[in-house]
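The values are calculated or read from the model by the stated rules, or taken from the named source; none is laboratory data. It should be emphasised that the depicted structure is a prediction, and the values quoted were computed from it without experimental measurement. Cβ atoms come from the backbone with ideal geometry, glycine included; neighbour counts cover every protein chain shown. Side chains included, ligands, DNA and RNA excluded: accessible areas come from the protein's heavy atoms. Shrake-Rupley method; radii C 1.70, N 1.55, O 1.52, S 1.80 Å.
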Amino acid sequence: METTQQNDSLQARFKSIKSDHRDRRFYSYAVGEYGFEGYFRVHPDMRMELLENYELDEVREKANDSFKTRTTNITMNPSDVSRNTLINMVRDSEYGAGNDEEQQKYFAMESPWGADKRSSNFKTFFIAYDQESVAGFSILEMHIYDHGIEEGKTTASIYIELEFILVNEAMRGNGFGMDLSIAMHAFILAVLKEIYVDLVDFERILTSYQADFDSFGGTQVSDHIESAIDEARDSFISWLNTDYVSRGGTTPPEVAAIDRETGF
């Protein structure tokens, strides 16, 4: 990891984030007009390895027994998927449709490069496919903000929220929610490390995570994402204490404990 030089705009720091080309057998992403865009391919031979953070043996056993041959393709912020497709899936679920105008706004793709140069808001849609059909989707939001001087220190915050995860009712029980969880875990682990490094010149970095869920399966997905946040923060702190200091870095930032708000 290498540090990013001071920029006048917080937004300029994140536009060059992209995946390592060596990971393309599993995923590839880069920052585009609507934030992070790319794909994940959850291969059977990777699924068990990437489920290590699930604590329950029966979850791993189910993955091993049920998904020996399937590769799940997952796209991030795909422009070719109609927002109405996602809204209709919600309408057909127990969550209901809500107000159509509000739904259209909620599911719209928006640029993270707004007028406020102190912030970037990445709203990422993960769409899982059963062959050509949409099997399920999730929405993960990352909001990064430059607070200026706060409590005597230059402060940046990273807010992460699991906003939504839903599998088509006709396709439930086939592991698509699990595969969405795997993709989001891998995404958070890779991207958050880079975001932390891009904020290294701040004196204090805050991280918060929020998720509300309505089922045991939702709890597992949320725990899986939390584990990625923990690992990314620990990796950044380790880098600060070794490579960053040894290469002549300035005083490392204070990396506050993660503020968590999850539950039913």
Being farther than 30 Å from T72 by Cα and open to solvent by 30 Å² or more (accessible area, probe 1.4 Å) narrows G173, G248 down to just G248
Tell me, which residue of the stretch 113-128 that is closer than 19 Å to Y39 by Cα and open to solvent by less than 40 Å² (accessible area, probe 1.4 Å) is farthest from the chain's Cα centre (by Cα)? A128
Which members of the stretch 83-112 meet the condition of being surrounded by 11 or more Cβ atoms within 10 Å (Cβ to Cβ), at pLDDT 80 or above and assigned to a loop (DSSP other than H, G, I, E, B)? F107, M109, E110, S111, P112
Odd one out for S238 among (1) assigned to a helix (DSSP H, G or I); (2) under 12 Å from the mean Cα position of the chain (by Cα): (2)
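Hey, any hits in the stretch 154-169 for a residue that's assigned to a loop (DSSP other than H, G, I, E, B) and either over 26 Å from V255 (Cβ atoms) or free of Cβ contacts under 8 Å to residues at least 60 places away in the same chain (or both)?
Applying the first criterion (assigned to a loop (DSSP other than H, G, I, E, B)) to the stretch 154-169 yields 168.
Narrowing further to those that are either over 26 Å from V255 (Cβ atoms) or free of Cβ contacts under 8 Å to residues at least 60 places away in the same chain (or both): 168.
Checking the stretch 154-169: at least one residue is assigned to a loop (DSSP other than H, G, I, E, B) and either over 26 Å from V255 (Cβ atoms) or free of Cβ contacts under 8 Å to residues at least 60 places away in the same chain (or both).
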Looking at the stretch 60-77, can you tell me whether even one residue there is over 22 Å from N174 (Cα atoms), modelled with pLDDT of 70 or more and open to solvent by 60 Å² or more (accessible area, probe 1.4 Å)? no
Single residue of D146, D116 found to be assigned to a strand (DSSP E or B) and not hydroxyl-bearing (S, T, Y): D146
